[in-house]
Structures are given as structure tokens and as C-alpha cells.
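Data block below; observations after.
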Amino acid sequence: MSQLTLLLKYSFKNKVRPKKDKYGQEKKSSAMSGVFGYLLPAAVFGIFIGFLFFMTFQNLNIPLADFGISSSFSLMDIFLSISLIGLGIFFFISYSPSIIVNLFDSEMTGILLTMPVKKSTIFLSAAVDSLLLSGLSLGMMIPLGVIYPIIYGNSLNLSIPHMIFSFVVMIISLLLFIGILLGVSLLGGIFMSNFMGKTAAKKLSMLAYFGAILLYVFAANFITPDKINVSNAEVLVNNLKNALGFVLSPLWPHTHFLGAMRGSFISFLILVLMNIVIYYLVFLLTRNMNMISTGKKIKEKKSDYKVSSNPLLKKDLKLLFRDSQSLFLLLYPLIFPFILFFTGSINMAFISIMFNFIASFYASFLSVMMIMEERKIWPNPKLYPIDTKRLIKSKIYIPIIIFAGEFLILDIVSFFFSGFESLIFGLIMLIPVLIILIYSSLVGAKMFFKNPKRDVKQKNILSGKETITLEGLSIVFSLGIFIPMSALSVYIKSGPFWIFEKMSPVLNYLILLGIPLLLIFLLIYLCKKESKELNILLEKEE
Amino acid sequence: MIKTINLTKNFGDFAAVKNLNLDIKKGEIYGFLGPNGAGKTTTMRMLTGTLNYTSGSVIINDMDLRKNELKLKSIMGVVPDEPKMYENLKGFEFIEFIMGIYNCKKEETQKRFEEICEAFSIDFLSNYIGDYSHGMKQKLMVSSVLMRKPDVIFLDEPTVGLDARSAKILKMLIEKYKNEGSTIFLTTHILEIAEKMCDRIGIINKGEIIAEGTMEDLKKLSTTGQNSLEDIFLELTGEDEISDIVDEI
Ligand SMILES: Nc1ncnc2c1ncn2[C@@H]1O[C@H](COP(=O)(O)OP(=O)(O)O)[C@@H](O)[C@H]1O
Ligand SMILES: [Mg+2]
């Protein structure tokens, strides 16, 4: 155990290694702020999902007995189980391969294997190390766990001390439940390491992200209460019976998690026992585990080489879509709006704000990641007969173009849900969306080159401070432009409201149209400035 | 073909390369020999346009490197000291990328590449580069350069990581390219390579050329009548007292 803490401590130290500033002074940067910056969008998402679940489940806390089914569970439990199964499976398929990637990718593994360190220790340290980035779905279980006792407790009219007690039980069972998920994923990782190489594992975790996205959209669609057909009672009861048998079967760990939260001591005991058995197995199996990549060799002859007319773009896109993290960042801004579409809250203004906030931050992040792909093999890209400035700048424009395309897709989808007006509004919004995307990507790239000697092995390339600055900029500009713009659209549609009733129409237009226009012009000016500064930094770069 | 005039590189206060004057003829194999940290890679990077120099100039094919960078880069082929390539590309995708970026004539280049693959027994092109060993990467890197048949070829310690067979094949390929008119600049710390392959050898130590010439010229320089390049090299780089050092240990 002390060896494990030692390994984790040094892997952590390696991550927060002080960076040198431009005067060569060592700068301390906190790892926590880096983690925080990365998880902020996930947290926004989690809170949003929490609210969504609360609104949905509140109305679903109907005991199944009301339908004539003999069970102590409620309708809410069925839907919650579906979400937990989905999240659990997603966690498993993304986390297990990522442990392998971490283990095989790390230069330390080879060195550690020659040292008198237990194999289970090496494995566990790789597992903890990779938890951070796969933790998204675990994070989403927390709001579910918190909401459950609130709704369930409310329905029982519990007293305050009772409520507190049930919260403590909830936290412990949540930890036990997460412990089971972790343990099962560790077992999965050990199993997969027998036949999977580094690249195959990377691909699998990429597929998992795809699966997750589909799942979110599907689940959000599915849990909408108005999708439940209550007109045909018999069919409904039958469906519920089938669902109950499957999603709340005692073979699922979450059944016992829910049981424990409802006060069943046996369920609680089962959770504890499951943990003990799983971790004992992990300990046993890691002892004779093969920790060196065993990817198999493909011997297939390539007969015709395809030379593209834009080899740089082709290569950049390949690398972008092959990296699970960047693929996820690319698709993430679409998930939110799609959930909104399916839950019926279709408001292009709100979608624009959410999309813009996420996309503009991720656009800069993606540019930096693409620049990092070249930095990993630096200075070799300087050998190409291409202007290095052009090489770098293409990295800025690719994410912008992709996100602008995504926004257009959303706009077209919104047309089918809410008509022509929404389409036009979205098209007008495309201009500020583009400008904000360009601006934040430029800022991201400039930040990178201000301090270009970064650790290529690290996942969070930008420091916490830089990340938060970028997020702040995207929030301020998104809100500053889109709130007046959407107010303007309401104003045009249904006349003056709120404080605008008391002001003259000229002043109203001046405010509602003036502020966004002013910000847009400011952004254009800032883009030019950032672009110039970036050019200067790139000239100096060697 | 390759000419430098007072080429100098400082890293802060430290002079890695000092007033280097090289003059390498077309069709020549020039060996740049020196101990670790002598400044070989630094020189190579300046000659290939990946490192800005502090002062002096580089002239390749009668053109100033600073003024004709892109034009010169397209006639150069460089095997850098580390075979770093995009890990998430497959071997053949990297080759396609290189063909595209240098605007190669497809049929001709592909034919040459396949011949080189045959010679090096490269059979891992459908795997991701990230899964290659160092030697596999080095072979791919060398082939991606040689398939283009560049006019000027730079190789930075090219045999590092190659097995004996592949190293031998590489040496034969370099001879062949030289005979077909390419100019070759290669750095090495392996004396045997310099001795057997190079038309002329420059010995660099602490950023300065301390001796230059054919093997015959260098032999004449030896004060103690040494005949092997190893002894001459150790004498010139001031490391001839190594036996004393070893005894101390
Ligand atoms: N980017 C750099 N910053 C500071 N010093 C460097 C840098 N690159 C190389 N050096 C120093 O320059 C000297 C020559 O290095 P190099 O050309 O790589 O030697 P070698 O002959 O082994 O290839 C070494 O002392 C090295 O430490
Ligand atoms: Mg070197």
C-alpha cells in the first residue's frame, strides 16, 4: 500500500512539475486548478442532467403497486435503473481500455517491472491515473444518487434526522456501488490486456465515447414522461412487468444500490460482499498479469498508395478523429442541444448560448491538441517544404470549421422542431458564433506558444489558469452577445417587455442591437491583434 | 553543394557550434564525426532549416537557406536523430502523407519505396506507428526519405537502432545514391562507418572542427603515428588518456 501511495505521489508530482515562465523563473501551477478547468464543462453538464432527472423523476415516483404489479419498487426505480445500467456500461467500456492505454503507454511501466514493486501496485496506480478522464459517467451518477433520496424521502414525509440518516446511507452505498463499478472495470482491464494492444485499446475507448453519445440522446428521449403511453393500461402494465424483471433483476449491482438507499440492510450487505470479492480477485489476477503490449501484427500488403491533394488536412483529420479525447470534444457540443430537442425545450437562443460556450472553449482546446500532435514530433515538421506558420494556423481553422458545421446542423434540426423563425435566428447567430470560435482558438494557440515547452505526454496541455481564462472569455462573449440578441428577437416578435416598456424604442434598439454589435466589432479587432501576436511568437519559434 | 560560412549557434551563453566553415562537393559523402554533445545534431538542424542560427550563413545548391527555405527543403531529404512520426498513423498512411507533402511523382516513388521495403524487410505498414519498435521506426523514416531520391541527403546517426543486416543495407543504399549523383552529409560517432563510407571526414569537438580531410589526410595528422581512425580520433578529441581514467575506477 505504501508503494502505491509512493507511485501515485510521483506520478502526481510529474503532472504538477513547475513550469518555467518567460524569465526562466520556476512557476508553481496547481494541479487542482487544471483538473477543475477540465471538469467544469462536465460539471455544468452534470448539474443540468441532475435538474433534468429531478424534473422527470419527481413525477414518476408512482409505486408499481398502483398499476397492480406486486413490487415495492416505483416507476422511478425502473427509469433510474435504465440510466444506471447505461452509465455503468459506458463507464466500463471507456475505463477498462483506458487503463490498458495508460499502462502500456507509460515509459514507467517497463522500468517499474524491473523493480521490486508488486504487479498489482503498478496496475492500480495506472488505474487511478486514468480515472480522471473516464470519470465523466461516474460524475453523472452523483446527481442521480443525490436526487434519489430527495424524491424518495419526500414521498415518505421523513423527519429531518431521518432525512440526514438517509443521506449518509446514500453516500456510503453510492461509494460501495462506485467501488463495484471500478472493480469490475479493473477486472475488465486485466482481461483485455491479454489480447489487446495499445492502439486497439485506444480504439475501443473511442467507440465507447460514440456509444455514450448515442446513449445519452436515446436515454434523454426515453425518459421523457409524455413518451409513456398511459392510454392502453394493459400494454403498459405488461411492459412495466417485463422491464421490472430485467432492469431490477438482483443480478445487477445497482438493484442493491437502490435497495440500500431504500433502507434494505441485506442489499447493503450484498454491496459490501461484492466489493470484497471483486477486489480480492483483482489482487489475485494482477499477480501474474502480462503488462507489456501484445498487439498483433497485421501482415497485409498495400498495393496502391492514395496521395491526397491536401495531405496536411487529410492527416490532421485522421489524427483528430482517431484520438478519443479530441473526438469526444468534437461531438460534445452537439449532445446538449440534442437532449434539449428531445425533451421538448427547443429554444434556438438557449441552444446557441450553450453550444457557443462549450464549442468555443473546446475549439481552442482542440487547436492546441492538434498543435501538440506536431510538437510531439518536433522539430521534424519543420523539415516539410511548407511554411511553418501555415502548418500551425491550419490547426486553428479546422476545429472552427467543424464546429460551425455542427451549429448549422443544429440550426437545420431546430427548423424541424420549431419552424422557420428558429432557422433564421440560427443563421443570424452563425456570424457571432464563428467570430467567437475564431477568437478563442487564436487565444488558445497564442497561450500555447507563449510557453511552448510543454510536456507532450500530458493530457491537460493547458494549465488551470489558462483553461479558466479561456472559459471565462467564452462565457462572457457568449452571454454578452446572445442574451441581447435573443431579447431582441422576443422584442421584435411580441413588443416591449420588462424595463424596455419604460424606454423609448430608439434606446431599446440601441441597447439590444448595439451591445452585440459592439462586442462583435471588439472581437474582430481582438482577433486581428491576437493573430498578429501569434505570428510574432511563431517567427521566434524554433 | 553544401556550404557554410562562419556558422554559429549559441544557446544562451553556451556556444554549441562556433564559426563552422564547410564546403561539400556535389556527389560527395561527407562524414561528420564527433563525441556525444559535440554539436553534430545542432549543425544538422541548422543545415536543414529546423534551427535558426545565431550568425553566419548556409548555402545549399548555390542558394541561401534563409532566403530559399521552402525551395531547398523540397530537394533535401533528412533522417533526423530521432525517428519521431505521428503515432496514430499507420505506416503506409505516413508514406502517403510524405508523398503528398513533397509532391512526389506517385508511380516512380511508390516503386522505389516498395523496393526499399523489400530490402529492409518492412512488412508492418498496416500497423500503427505507435506500436513500432525504435528500429522499425528508423527503417520507415529512412525509406520515406530515400524513396523521394532527394538531391541532398542528411542522415543523423542513421544506423542507431538498426540491426546489422539493415545497417549494412543502408550503407549500400547510401553508396548507390551517391553514385547516382546525390550529395550526402552524415553524422556518426561510429568510426567504422566514417572510415569505410565517407569520401571526406570532418571531426568536430566542442562545437569546432578540429580536423578535416580524407582518411589519408587524417592519418598524416597523427603525431604518434597512429593508423586507425579510432586512435586519431581519441588523440584529437583529447581523450587519449582514457586508460588512466578507467584504471582510476
Ligand atoms: N535546445 C538546446 N538548448 C540548449 N542547449 C542545447 C540545445 N540543443 C543542444 N544543446 C547543447 O548543444 C551541445 C551539442 O548538442 P548536439 O548537437 O545535440 O550534440 P551531438 O553532437 O551529440 O549531436 C550539447 O552540449 C547540448 O547540450
Ligand atoms: Mg546528436
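The values are calculated or read from the model by the stated rules, or taken from the named source; none is laboratory data. Given the structure is predicted, the values throughout are model-derived calculations rather than measurements. Every residue, glycine as well, gets a Cβ built from its backbone with ideal geometry; the counts of neighbours run over all protein chains shown. Quick note on the areas: whole protein, heavy atoms, side chains included, nothing else; ligands and nucleic acids left out. Shrake-Rupley method; radii C 1.70, N 1.55, O 1.52, S 1.80 Å.
Points worth noting:
- Here the Debye sum runs over all C-alpha atoms of the range A:311-540 as equal scatterers in vacuum, and log10 of I(q)/I(0) at q = 0.14, 0.18 Å⁻¹ comes out as -0.90, -1.31.
- Sorting A:424-431, A:362-369, A:255-262, B:76-83 by their mean Cβ neighbour count within 10 Å, with the most densely packed peptide first, gives A:362-369, A:255-262, B:76-83, A:424-431.
- For A:Leu510 and A:Ile428, a Förster radius of 22 Å and the Cβ-Cβ distance give a FRET efficiency of 0.75, rounded to the nearest 0.05.
- Shape of the range B:145-196, Cα gyration tensor, a/c cut at 1.5: prolate
- Alpha-carbon centroid distance for the pair the range B:104-161 / the range B:34-54, whole angstrom: 23
- Residue pairs, from the table A:Lys318/B:Lys67; A:Lys382/B:Lys26; A:Lys450/B:Lys3; A:Lys198/B:Lys149, whose Cα atoms sit over 29 Å apart: A:Lys318/B:Lys67; A:Lys450/B:Lys3; A:Lys198/B:Lys149
- Computed log₁₀ I(q)/I(0) - Debye formula, equal Cα scatterers, no solvent, chain B, q 0.11, 0.17 Å⁻¹: -0.62, -1.34
- Leaving ligands and nucleic acids aside, the A/B contact buries around 3900 square angstrom of accessible area in total at a 1.4 Å probe radius.
- Note on A:Ala243/A:Ile89: beta-carbon distance plugged into 1/(1 + (r/R0)^6) with R0 of 25 Å gives a FRET efficiency of 0.90.
- Aspartates and glutamates whose Cα lies under 19 Å from that of A:Lys446, excluding same-chain neighbours fewer than 8 positions away: A:Asp21, A:Glu373, A:Glu374, A:Asp387, A:Asp455, A:Glu466, A:Glu471, A:Glu530, A:Glu533, A:Glu539, A:Glu541, A:Glu542
- Maximal additional length on extending the B:Glu107-B:Lys26 stretch stands at 26.5 nm, based on 0.36 nm per residue less the C-alpha distance.
- Approximate spin-label separation A:Ser418-A:Phe165, in nm, with each point projected 7 Å along Cα-to-Cβ: 4.7
- Percent RCO, i.e. relative contact order, over the range A:311-540, from Cα pairs under 8 Å lying at least 6 residues apart: 25
- B:Phe11 paired with A:Trp498, simple spin-label distance in nm, labels 7 Å along Cα-to-beta-carbon: 5.8
- Computed from the C-beta positions of B:Glu115 and A:Val476, the FRET efficiency with R₀ = 56 Å rounds to 0.40.
- Over chain B, DSSP H runs of length four or greater, each weighted -39,500 (n - 2.57), average out per residue to a 222 nm ellipticity of -11500 deg cm²/dmol.
- Segment B:Thr214-B:Lys176, length gained on full extension (0.36 nm per residue, minus Cα span): 11.7 nm
- Structure note, pairs A:Lys528/B:Lys105; B:Lys73/B:Lys220; A:Lys119/B:Lys137; A:Lys202/B:Lys111; A:Lys395/B:Lys84; B:Lys25/B:Lys219: Cα-Cα distances above 28 angstrom occur for A:Lys528/B:Lys105; B:Lys73/B:Lys220; A:Lys119/B:Lys137; A:Lys202/B:Lys111.
- Pair B:Ser133, A:Gln58: separation of 7 Å Cα→Cβ label points (nm): 6.4
- Taken as entire DSSP H runs, the helices of chain B never both span 24 Å or more between Cα atoms along their own long axis and average 0.5 or more on the Kyte-Doolittle scale.
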